[in-house]
2 protein chains.
Amino acid sequence: MGTYMMFAQRIENLTGSLVREILQVAQNPEIISFAGGLPAPEIMPLPDFSQAPTEIYQYGLSEGEPALRQIIAQQLKGIGLACEPGQVLVTSGSQQGIDLVAKLFVEPGTPVLVEAPTYLAATQVFRLFGAEFIECALDPQGISPEQLEQLIAEKRPAFAYLIPTFQNPTGFCYSEARRRDIAAILDEHGIPLVEDEPYRELNFTDIKHRPIAAQMKQAPWIYLGSFSKTTCPGLRIGYLACSPQLMPYFSRLKQATDLHSNRIAQWWLADFISNGAYLPHLQRLREYYAERCEAMEAALQRYFGTMASWHRPEGGLFFWLRLQQAIDTRMLLPEAIQMKVAFMPGEAFYANPVAKCGAMRLNFSRSTPEEIERGIKILARLVEQASETLAELAD
Amino acid sequence: MGTYMMFAQRIENLTGSLVREILQVAQNPEIISFAGGLPAPEIMPLPDFSQAPTEIYQYGLSEGEPALRQIIAQQLKGIGLACEPGQVLVTSGSQQGIDLVAKLFVEPGTPVLVEAPTYLAATQVFRLFGAEFIECALDPQGISPEQLEQLIAEKRPAFAYLIPTFQNPTGFCYSEARRRDIAAILDEHGIPLVEDEPYRELNFTDIKHRPIAAQMKQAPWIYLGSFSKTTCPGLRIGYLACSPQLMPYFSRLKQATDLHSNRIAQWWLADFISNGAYLPHLQRLREYYAERCEAMEAALQRYFGTMASWHRPEGGLFFWLRLQQAIDTRMLLPEAIQMKVAFMPGEAFYANPVAKCGAMRLNFSRSTPEEIERGIKILARLVEQASETLAELAD
């Protein structure tokens with residue numbers, strides 16, 4: 001008898017990742033890559049593990065190192081989220097927080113409310129577990145409270161997954177009013193919130209907005225954070241904080257998933273933050289990225305003036321460029337790569353398939369101001385050519 | 001409206017872990033713990049990260065560091081498993097390999113063939129995803145090929161999960177004949193094999209047995225390995241190797257789960273192995289654990305002579321003690337802990353519930369020969385008392 005393979009049904013939802021393929025191409029050092037969301041390597045801190053205690057090499061606790069959990073809880077209190085160390089779980093990157101959320105909530109047919117557009121790798125995980133997506137339109141102030149309320153009434157999602165601060169892919173930052181209204185609606189209907197904030201600390205201006213979770217009084221919440229964007233992604237340390245009643249579930253799910261996260265990286269992060277080096281580093285990082293954001297803003301104004309619109313982000317890693325013509329930007333990608341520039345087509349960021357959204361996500365953290373100038377110029381020429389071709393076809 | 005929580009159905013299968021609770025108690029340094037499977041900390045290598053290249057702190061490849069994948073493929077070839085680097089995926093501990101296997105194969109009702117007894121934390125993950133367990137009895141030579149063939153005919157499992165070398169919890173090592181017969185049966189029926197071998201390198205005598213996967217010609221195979229038992233578990237690095245056709249699935253599942261594993265730990269392991277330090281370390285470790293195994297054998301002979309039977313392991317971390325009287329050893333645990341000795345009750349290791357299996361798993365790697373002598377003496381007294389109480393009740 002031949003080979004017999006009985007995969008779980010979810011494997012039908014295991015789609016190839018466009019991002020993965022683009023990122024592999026974009027690793028070519030000759031390419032100016034606006035595609036990924038990679039921190040600039042030259043400004044990363046250089047970890048020193050030489051003072052780590054030897055105990056750190058033994059098995060550890062599923063929830064994470066007590067010192068790091070305490071530091072994270074303090075940080076969260078500092079941004080208004082009442083949170084004790086016992087509500088914090090250290091994860092192997094914030095991607096793992098998404099995997100744990102999917103394990104807790106998602107099975108075939110589970111309705112999940114997401115922004116349109118939203119973080120691609122989150123929808124991939126939710127889809128793998130069988131989620132049906134309910135999309136809520138996003139504008140620079142956030143999702144619309146009215147639409148949220150209507151979608152909850154109609155579809156009753158298991159949870160809402162939102163990225164309110166310097167959203168991926170748009171860079172939008174939810175306004176104070178929207179945060180308050182969304183918290184009230186989720187509370188009223190008892191819908192759990194999954195708030196993903198890997199970019200919060202990359203702010204270029206003063207950001208006073210508390211997390212939405214901080215404004216919720218009744219409904220359960222899960223808050224995901226990461227050290228990948230502010231320190232070293234190769235260490236794979238993120239965290240999940242949650243309402244107290246959810247913690248026993250996440251502890252056990254974490255234990256079943258990988259027992260616990262790498263301890264040496266946890267030790268170093270706790271040391272780096274508590275010895276006072278983290279905040280000055282963060283300040284340098286903000287200035288560094290603000291300069292690149294500024295360079296991209298200038299280049300966009302120079303080359304995309306009338307061809308596109310965008311909202312200048314106040315933090316994070318991305319511009320979301322909306323072209324006047326709603327073309328499918330995936331069509332532009334092969335030629336862009338031939339001309340040594342990579343970007344992420346907007347279509348990839350919608351949980352439910354869209355055609356011709358006419359948008360691009362442009363990362364500014366990884367390229368120098370000169371590369372940004374050069375790359376945006378090339379992209380603008382490509383878009384211009386595509387528009388002319390379309391106009392000719394329409395004639 | 002009150003709090004609304006719609007968990008996935010799998011959460012009903014998310015049982016509390018007896019092991020977890022026992023291990024927490026056993027962390028008390030006053031307790032002689034035979035409960036866990038922890039390496040002895042005093043013989044762990046002390047990683048030196050000072051020569052790590054700075055690139056290692058950036059995001060990396062989902063499949064793992066190329067240098068480490070190559071080393072693992074070479075090691076596997078050395079034990080007879082034909083395997084290219086492209087068939088190796090570095091995982092965040094071998095526990096994550098089990099999670100990825102569950103994601104690929106297991107949904108509610110999926111039949112999974114396991115040994116009875118087997119590794120507790122594997123059945124927990126498979127159960128979480130909805131597995132139904134088909135148990136195959138285990139003797140010191142391995143599972144019975146006849147029973148395997150019969151169970152395949154009757155129940156057609158999605159895969160067989162086996163731990164052929166120094167099995168957890170029994171310490172048994174499958175014979176050459178059984179390995180060959182099992183490979184032939186799985187091949188004939190095209191049943192995928194998941195072969196979990198975290199203990200293979202902890203051999204006290206010369207072990208020439210190839211993995212079962214190495215003897216398979218047709219059916220797909222997955223081989224799980226770990227560096228946690230031979231180096232530092234706190235680094236959380238294990239691996240999965242598999243038939244080439246399975247690799248694209250595992251790559252994507254890994255990416256969705258945590259993007260990739262900690263790179264600094266991968267770098268150090270590749271360096272530690274390739275600079276020639278690993279093999280001498282392994283030799284010291286084998287001698288160290290062999291001495292403790294010997295001490296436990298002697299103590300068992302001294303104190304458990306007629307009360308129990310056991311099979312002296314030729315490697316790994318555990319003795320599997322079968323009492324003459326089939327009592328539920330969970331009943332002994334509170335008193336044992338009061339007397340400052342911890343062990344793992346045998347009942348915990350059966351995928352389907354059993355009562356009164358009359359067995360204990362005893363770890364010998366973590367305790368000194370003196371502690372082993374003292375702890376086994378206390379356990380023997382407890383078992384003796386329990387037997388007397390049972391005899392009185394029977395009168």
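The figures follow:
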item	result
Test: A:R322 is in contact with a Phe, Trp or Tyr (Cβ under 9 Å, 6 or more places away or on another chain) and either under 30 Å from A:L285 (Cα atoms) or among the small types (G, A, S) (or both)	yes
Of the criteria (1) outside the structural domain of A:Q266 (by TED's automatic domain parsing); (2) surrounded by 19 or more Cβ atoms within 10 Å (Cβ to Cβ), which one A:C83 fails	(1)
The one condition in (1) part of a loop (DSSP other than H, G, I, E, B); (2) within 25 Å of A:C173 (Cα to Cα); (3) small (G, A, S) that A:S62 fails to fulfil	(2)
Qualifying residue in the stretch B:100-121 (condition: within 29 Å of B:G234 (Cα to Cα), buried (at least 24 other Cβ atoms within 10 Å of the Cβ), β-branched (V, I, T) and within 14 Å of another protein chain (Cβ to nearest Cβ))	yes
Odd one out for B:I376, checked against (1) open to solvent by 50 Å² or more (accessible area, probe 1.4 Å); (2) in a helix (DSSP H, G or I)	(1)
Residue in the stretch A:313-328 that is part of a helix (DSSP H, G or I) and in the same structural domain as A:E30 (by TED's automatic domain parsing) present	no
Residue tally, condition more than 7 Å from chain A (Cβ to nearest Cβ), within 25 Å of B:L104 (Cα to Cα) and of a type in the set (F, W, Y), over the stretch B:242-272	1
Residue that is open to solvent by 20 Å² or more (accessible area, probe 1.4 Å), touching a residue at least 24 places away in the same chain (Cβ under 8 Å) and in a loop (DSSP other than H, G, I, E, B), where the choices are B:Q245, B:Q218	B:Q218
Selection from the stretch A:52-79 of residues that are open to solvent by 30 Å² or more (accessible area, probe 1.4 Å) and small (G, A, S)	A:A67, A:G78
Hits in the stretch A:354-392 (condition: small (G, A, S) and over 21 Å from A:C293 (Cα atoms))	A:A355, A:G358, A:A386, A:S387, A:A391
Residue match in the stretch A:200-215 (condition: part of a strand (DSSP E or B) and more than 9 Å from chain B (Cβ to nearest Cβ))	yes
Hey, A:K103 without any contact (Cβ under 8 Å) to a residue 12 or more places away in the chain and in the same structural domain as A:F159 (by TED's automatic domain parsing) or not	no
Sole residue being in the same structural domain as B:S62 (by TED's automatic domain parsing), more than 20 Å from B:L240 (Cβ to Cβ), modelled with pLDDT of 95 or more and in contact with a Lys or Arg (Cβ under 7 Å, 6 or more places away or on another chain), chosen from B:I134, B:I185, B:I152, B:I143	B:I134
Any hit, the stretch A:107-119, residues being modelled with pLDDT of 95 or more, in the same structural domain as A:T257 (by TED's automatic domain parsing) and aromatic (F, W, Y)	yes
All positions within the stretch B:160-208 that are open to solvent by 20 Å² or more (accessible area, probe 1.4 Å) and among the hydroxyl-bearing types (S, T, Y)	B:S175, B:T205
Qualifying position, being of a type in the set (S, T, Y), crowded, with 19+ Cβ neighbours inside 10 Å and touching a residue at least 12 places away in the same chain (Cβ under 8 Å), among B:T368, B:T329	B:T329
Any hit, the stretch A:351-367, residues being within 26 Å of A:L14 (Cα to Cα), assigned to a helix (DSSP H, G or I) and touching a helix residue (DSSP H, G or I) at 6+ places or on another chain (Cβ under 7 Å)	no
Selection from the stretch B:336-395 of residues that are more than 28 Å from B:G315 (Cα to Cα) and among the acidic types (D, E)	B:E384, B:E388, B:E392, B:D395
All positions within the stretch B:173-190 that are within 14 Å of chain A (Cβ to nearest Cβ) and within 21 Å of B:Q141 (Cα to Cα)	B:A184, B:I185, B:L186, B:D187
The stretch B:32-51, subset among the aliphatic types (A, V, I, L, M) and open to solvent by 20 Å² or more (accessible area, probe 1.4 Å), residue farthest from the other protein chains (Cβ to nearest Cβ)	B:I43
Residue in the stretch B:232-241 that is assigned by TED's automatic domain parsing to the domain that holds B:L61, without any contact (Cβ under 8 Å) to a residue 40 or more places away in the chain, open to solvent by less than 30 Å² (accessible area, probe 1.4 Å) and among the hydrophobic types (A, V, I, L, M, F, W, C) present	no
Verdict on B:S144 being more than 14 Å from chain A (Cβ to nearest Cβ) and in contact with a Pro (Cβ under 9 Å, 6 or more places away or on another chain)	no
Per-region count, the stretch B:266-288, residues open to solvent by less than 60 Å² (accessible area, probe 1.4 Å) and either touching a Phe, Trp or Tyr at 6+ places or on another chain (Cβ under 7 Å) or free of Cβ contacts under 8 Å to residues at least 60 places away in the same chain (or both)	6
Of all residues in the stretch A:289-307 being small (G, A, S) and surrounded by fewer than 19 Cβ atoms within 10 Å (Cβ to Cβ), the one that is modelled with the lowest pLDDT	A:G305
Selected residue (criterion: farthest from the chain's Cα centre (by Cα)) from residues of the stretch A:234-254 that are of a type outside the set (F, W, Y) and under 17 Å from B:N262 (Cα atoms)	A:K254
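Residue-by-condition table, conditions (1) in contact (Cβ under 8 Å) with a residue 12 or more places away in the chain; (2) outside the structural domain of A:P220 (by TED's automatic domain parsing); (3) out of contact with any His (no Cβ under 9 Å at 6 or more places or on another chain):
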residue: A:L23; (1), (2), (3): yes, yes, yes
residue: A:P29; (1), (2), (3): no, yes, yes
residue: A:Y59; (1), (2), (3): yes, no, no
residue: A:E63; (1), (2), (3): yes, no, no
residue: A:L68; (1), (2), (3): yes, no, yes
residue: A:L76; (1), (2), (3): yes, no, yes
residue: A:V90; (1), (2), (3): yes, no, no
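The values are calculated or read from the model by the stated rules, or taken from the named source; none is laboratory data. From a predicted model like this one, the values you see are computed outputs, not experimental measurements. In this analysis, Cβ positions are derived from the backbone assuming ideal geometry, glycine residues included, and neighbour counts consider all displayed protein chains. When the accessible area is computed, the model is the full protein with side chains, heavy atoms only, and any ligands, DNA or RNA have been set aside. Shrake-Rupley method; radii C 1.70, N 1.55, O 1.52, S 1.80 Å.
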